[in-house]
Amino acid sequence: MPPVETSDSMPPGAAPHQILLVEDDAQTAALLKQQLEERGFKVNIARDGGQAQSTFVMRKPDFVIVDLILPGESGFEVCERLKQTDSNVPVMVLSVIDMADARRLAERVGADGYVTKPCPPDRLAAEIMAVAERVWQETHLGHSRESDRVRFSCRCGKRFKVSAAHRGKTLTCPSCGEPVHVPRHE
């Protein structure tokens, strides 16, 4: 098995070696595991959120790939729980769902990347490496996405945290339905 290739800019600690794949479809899981192992990764499979949590705690993977459609609980819930357990481990969604709302929700629950299926194996490996490098830089070098966030509240008390790209725009509060203006400056 060839070693995982790292880019010149990626420190050796950023390259993931142990991946936890959370996928309930046995055939898809086996194929992804084979493709990733051919590219130098070691892969453990979990079929649902419970297996994912126990494998995450016991095996301590460097990287997690989670499907959104799982038995019992969604991949969003699994992602959120794993990020609460250890926020430094990158979690990437790999799903057939290709909707902007799903991508936004995945980001809100802590997903560090989002890729749609089917994904060519080389592209998937490249995405894993890119997400791992970005999370490593955010964690170790302080290049955080949090600095690109605007925090504010609606009059009803609902609190928001949105991308800096929304500065100066008006959003609708999901709690009270009133328009909320995103501050230009904090």
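Numbers for the structure displayed
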| item | result |
| --- | --- |
| Percent breakdown of C-alpha pair distances by 10 Å bin, ordered from the shortest bin, for the range 62-144 | 19, 52, 27, 2 |
| Length gained when the stretch M99-R167 is fully extended (0.36 nm per residue, less Cα-Cα span) | 22.1 nm |
| ³J(HN,Hα) computed for each position of the range 50-59 - Karplus, 6.51 cos²θ - 1.76 cosθ + 1.60, integer Hz, glycine/proline x | x, 5, 4, 4, 5, 5, 4, 6, 7, 9 |
| Karplus (6.51, -1.76, 1.60) ³J(HN,Hα), θ = phi - 60°, over the range 81-97, in Hz, Gly and Pro reported as x | 5, 5, 5, 5, 6, 7, 6, 7, 8, x, 10, 10, 7, 10, 9, 7, 6 |
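All of the numbers you see were taken from the coordinates with simple rules; none came from a lab. What you see is a predicted model; the values in this text were computed from it and never measured.
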